[in-house]
Amino acid sequence: MTKQSDDVFRVDIAGGLFCVAVTGVAYFTAIAPNATRREEQVRQQAEILELRTQLDQTTKFQRQLTAQLAARHSDLEKTAIQLEPATSVNQRVSSLTTLAAQVGIVLDAVEPGSQNDASDFSRVPIKLSGKGTYAASATFLSQLKERFPDTAVSSMRLNSNPAAPSSVPTVWFDLVWYAAPAGGSTITSIPEK
């Protein structure tokens, strides 16, 4: 090898090393950070897409709940009952006595209890006892629900004498009449029976 070829060889090696150094510097200062930023950008876009999907699902769920709530409010408005004042207890007792007689129950006792005031209504217990068949009792309960939706049955008993099957059974009804509170609004929704 000649001196000139040695010089060319050294220049080639120096040029190659320079290119490698420039490439290394370019990679570590421009290419690698850009690749990292690109990966971060792809990760963030995937996260944004997932969050948008969750937002869409949440919005859809919120719309469903809003529709259900509106339906429940509509149902409550339809089932709102005009409550009578508790002071008309004698009229209620008279109406219950008439209903019992209409369905074939002969009442021996009707005992209204003390009213128990709540914020939206008053509860007035009414105990009925008398004689009546199972069919008459079932009809009484059915008619009670239809005619007096503000009255609930807390208990009922029917007692017959097995030794005397032709005797009329004794019946007891423990009712709760939901009345308007003293000085309060008269329209409300009463608790489920």
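The values are calculated or read from the model by the stated rules, or taken from the named source; none is laboratory data. What you are looking at is a predicted structure, and each value in this text was computed from that prediction instead of being measured. Counting neighbours? That spans all protein chains shown, and the Cβs are built from the backbone with ideal geometry, glycine included.
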statement: Picked from segment 107-141 (must be acidic (Asp, Glu) and in a strand (DSSP E or B)), the residue nearest to the chain's Cα centre (by Cα) is ASP117
field: Pair list, Cβ under 6 Å, 6 or more apart: segment 114-143 residue closer than 14 Å to LEU96 by Cβ, other residue of a type in the set (Asp, Glu)
entry: LYS127/GLU111; LYS127/ASP174; SER129/ASP108; GLY130/ASP108
query: Would a scan of segment 151-169 turn up a residue that is surrounded by 12 or more Cβ atoms within 10 Å (Cβ to Cβ), modelled with pLDDT of 85 or more and of a type in the set (Gly, Ala, Ser)?
result: yes
query: Is at least one residue of segment 92-104 at pLDDT below 95, outside the structural domain of TRP172 (by TED's automatic domain parsing), within 30 Å of PHE173 (Cβ to Cβ) and in a helix (DSSP H, G or I)?
result: no
